[in-house]
Amino acid sequence: MTALSELLADVRACRRCAEHLPLGPRPVLQLHGSARILIAAQAPGRKVHASGIPFDDASGDRLRSWLGLPRELFYDAKRVAILPMGFCFPGTGASGDRPPRAECAPAWRTELLAHLRRLRLTLVIGRYAQAYHLPNAGASLTETVRAWAERGADTVALPHPSPRNNGWFKHNPWFERELVPVLRTRVAEALAERG
C-alpha cells in the first residue's frame, strides 16, 4: 500500500466523533494524488451518507452544472478531489444540516492536502471551507464569493449549491451571469494542463 492509500484507509475507518453522528460514521471523500482540481466543501448530506458518493444529490447536480463537468469526469478521482471539512453527515439542525464536526479537519486535512501536489484549481464551497482555506476573506459569504476577480486564478470561492440557497441565488444574479462562465473556463484549463 502507498502512504496515501494507507491514509485513506485510516480516514474511512475513523470513528472519532461517532457518538455525535445521528446516522453513525461514514466518511465520504474522493482523493487521488494526481487530482488537478480540489473541491473543498462542507460535509456530506443525508443522501450522500446513504450512497457514500460525494455530491450525489441536488447540490451535486447544480455544482456539476456550474463546473460544466459530466458525472464521469466529476467522479474521476485522478482529476477531481473532493475533500469536505467534515467527512460524515453531521445531522440536521433547525435550518439545514448541522456544521461539519470540528474534530475532522484538524485530524486529517493537512496530511490529506499534502498528497495533492498537482492541483491547479481549488474550489472553496461554503463558509466553513472558506474560513479554513481563505482565512482573510470577506466578512460575509457574499463578499467572499464576489471577490473572485481579485483572487488568484487558482482559487475560487463558491456558495453552497444546495437548493436551500435558492434565495441567495435569486438575490445575487451576478453569480451565474459573471462567475459561472469564468469558473467553467478555469475548470477546463485546469484539467487540460499537462505536467
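The values are calculated or read from the model by the stated rules, or taken from the named source; none is laboratory data. Quick caveat, the model's predicted, so the values are computed rather than measured. Counting neighbours? That spans all protein chains shown, and the Cβs are built from the backbone with ideal geometry, glycine included.
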Query raised in the report: Looking at (1) out of contact with any helix residue (DSSP H, G or I) (no Cβ under 6 Å at 6 or more places or on another chain); (2) at pLDDT 95 or above, can you tell me which one R146 breaks?
Result: (2)
Report task. Give the residues of region 42-60 that are closer than 20 Å to H133 by Cβ and assigned to a loop (DSSP other than H, G, I, E, B), sorted by residue number. Result -> Q42, A43, P44, P54, F55
Query raised in the report: Restricting the search to region 1-55, which residues are over 20 Å from G126 (Cα atoms), of a type in the set (K, R), surrounded by fewer than 16 Cβ atoms within 10 Å (Cβ to Cβ) and under 20 Å from the mean Cα position of the chain (by Cα)?
Result: R12
Requested in this report: Check G96 against each of (1) within 24 Å of A50 (Cα to Cα); (2) modelled with pLDDT of 95 or more and name the one condition it does not meet.
Outcome: (2)
Report task. Read through the list (1) surrounded by 14 or more Cβ atoms within 10 Å (Cβ to Cβ); (2) over 16 Å from the mean Cα position of the chain (by Cα); (3) farther than 24 Å from D61 by Cβ, then give the number of the only condition that T142 fails. Result -> (3)
Query raised in the report: Taking region 81-117 on its own, how many of its residues are in contact with a helix residue (DSSP H, G or I) (Cβ under 6 Å, 6 or more places away or on another chain) and among the β-branched types (V, I, T)?
Result: 0
Requested in this report: Determine, yes or no, whether L63 is part of a helix (DSSP H, G or I), more than 23 Å from Q130 (Cβ to Cβ), of a type outside the set (D, E) and at pLDDT 95 or above.
Outcome: no
Report summary line: Every listed condition ((1) without any contact (Cβ under 8 Å) to a residue 60 or more places away in the chain; (2) of a type outside the set (D, E); (3) out of contact with any helix residue (DSSP H, G or I) (no Cβ under 6 Å at 6 or more places or on another chain)) holds for I39 save (1)
Query raised in the report: If we keep just the residues of region 122-139 that are crowded, with 21+ Cβ neighbours inside 10 Å and of a type in the set (A, V, I, L, M, F, W, C), which is farthest from I37 (Cα to Cα)?
Result: A129
Query raised in the report: Among helices (runs of 4 or more DSSP H) lying entirely in region 126-195, which contain 2 or more residues that are under 21 Å from P84 (Cα atoms)?
Result: 127-133, 141-146, 180-192
Query raised in the report: In this structure, is D76 under 16 Å from the mean Cα position of the chain (by Cα), more than 12 Å from F89 (Cα to Cα) and either assigned to a loop (DSSP other than H, G, I, E, B) or of a type in the set (F, W, Y) (or both)?
Result: yes
Query - Hits in region 87-121 (condition: acidic (D, E) and under 13 Å from H20 (Cα atoms)) - result: E103
Report task. Report yes if L69 is within 21 Å of L183 (Cα to Cα), in a loop (DSSP other than H, G, I, E, B) and touching a residue at least 40 places away in the same chain (Cβ under 8 Å), otherwise no. Result -> yes
